[in-house]
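Below is one structure, written out as structure tokens, with a few remarks after it.
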Amino acid sequence: MSPRTCLVLLEFNELTPALMDRFIAVGSLPNFARLRDSCEVFTSDAQEQEPYLEPWIQWVTVHTGVPYSEHGIFRLSEGHKLQHRNVWDLVSKQGHPVWICGSMNANRESGTKGYLLPDPWSADLKPEPEALLPYFRFVQQNVREYTNDRVPLRKSDYLRFLRFMIAHGLSADTAISILRQLLSEKRTGTGRWRRAFILERLQFDVFSAVFRRTQPAFSTFFLNSTAHMQHLYWRYLEPERFKLALDPKKEREYETSILEGYQAMDRLLGRMLALIGEQAIVILSTALSQQPCLRYEETGGKRAYRPKDFARFLTFAGITCPCSAEPVMAEQFWLRLDNDSDASDAERKLAALKVGQERAFSAKRDGSSVFASCSIYHALPDDAVLRVDGSQQSIPFFEMLYAPGQGGKSGMHHPDGILWIRHPARTHAVHQQRVPLLSVAPTILDLLGIDKPEYMKGESLFRNATGMSFPGQDADLAAHSQRRSA
């Protein structure tokens, strides 16, 4: 059996329903508006609260159709531990090629047919085929050190990446955008944060080249730049909702950053819709969304701190055994060591780092690895000192660490998500009842004519409009389902 048409899952991480509606209403997002008008429009519910409301958890739920309580994937770069099949494994099992482009915390079953480009925070999963490695490694280094002034890449890395892109779909539009971005930064000394949009143009060029070559039955396409903008710059979008006064210069630079993020994704959406054609099934999912983060305003806003140079940081902490560091989101990073004993020693030494009497780092060993992060979230004075408890060793805090972003983190997660489904019939309806994120995977399989496995707890939205396992079909969806089956 072959699917009637291809299905593309657009994974635009953490876009916010209220902001989407706001920007569409003023005409800023023509392609999103066009897509929405041809979709069944839902609001998804992640059905989780902190500390389990994180994209690296929710995207695993989207891909498997099982909740965190069952899949158990809690941290970024743990997708390789997943014990359930992803939807693309199930599609491939039916003999159909797939193309998984950047999906967060992804993995693949042995024998899955198609291309896989892991998310740039992945350390234990390599792209397949290996021809994607030059692209993956280049983007990985840029994303991991995006907020740092120094990205650890050599001229040879840039040349290798350029050769890859020329051979794999680099568009004239993207090349011109790169040149304009670099010239703008040189001329104004600002706007480095817009490089995130350039990386996503490159990602689309690679997606497009593979899509045309392989004609997959099922594809995913993950983007994260706007989620990053919302986390760092929401206070510049709506300063009236925050207590901290803004620096006028920074306000001028960042006040449009979130809108620019949505507009950059809107332009890529227009190119995507042209690429995949009118008959393709399209699902836009954001997994979760964001809201203003106001709870830290009394202490100067929420801050995240991360090492400037991991080799220097580890030496200061007294971690001298062979060790590699893998930055992930914001203040978090993995340490990879040779054995459990070394990992226990590193965990203990990180726990000994303090600022005053405050513990500076949290660390948890996982086998021969340690997952760590700076545990200080408030603003620190310029003369703050990082010290090793029980010794005389100390250093000015900001010689060793830095705070990404301007003004602290000002966007936080919210369980609501955008979920739009465009099927060939182009039925448009806006459904007021929230539907569980668990319904996405069964809906994908239903639209491709594949039976869902028993472990998936949700129901297809085209069989049950609530997505729950009890009766209550919506009339419009039931009618469409009957037409589709005819």
Of all the strands (runs of 3 or more DSSP E) wholly in the range 282-391, which have at least 1 residues that are out of contact with any Pro (no Cβ under 8 Å at 6 or more places or on another chain), more than 29 Å from D416 (Cβ to Cβ) and not assigned by TED's automatic domain parsing to the domain that holds T61? 323-327, 332-337, 353-355, 361-366, 369-374, 385-388
Suppose we filter the range 443-457 for residues that are outside any loop (DSSP other than H, G, I, E, B) and among the basic types (K, R); how many remain? 0
Answer residue from the range 401-431, given it is among the aliphatic types (A, V, I, L, M) and surrounded by fewer than 18 Cβ atoms within 10 Å (Cβ to Cβ) and is nearest to I276 (Cα to Cα) among those: A425
Any residue that is buried (at least 21 other Cβ atoms within 10 Å of the Cβ) and without any contact (Cβ under 8 Å) to a residue 40 or more places away in the chain - is there at least one of those in the range 370-380? yes
List the residue pairs whose Cβ atoms are under 8 Å apart, where the first residue sits in the range 425-442 and is in a strand (DSSP E or B), the second is surrounded by 14 or more Cβ atoms within 10 Å (Cβ to Cβ) and aromatic (F, W, Y), and the two are 6 or more positions apart or on different chains. V435/F42
Among the residues of the range 187-235, the number that are in contact (Cβ under 8 Å) with a residue 60 or more places away in the chain, more than 30 Å from D446 (Cβ to Cβ) and touching an Asp or Glu at 6+ places or on another chain (Cβ under 6 Å) is 2
Out of curiosity, is R271 buried (at least 16 other Cβ atoms within 10 Å of the Cβ), farther than 30 Å from H423 by Cβ and not acidic (D, E)? no
Which residue, of L380, L353, is touching a Phe, Trp or Tyr at 6+ places or on another chain (Cβ under 7 Å) and over 19 Å from G300 (Cβ atoms)? L353
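The values are calculated or read from the model by the stated rules, or taken from the named source; none is laboratory data. This structure is a prediction, so every number in the text was calculated from the model and none was measured. Reconstructed Cβ throughout: ideal geometry from the backbone, glycine too, with neighbour counts over all protein chains shown.
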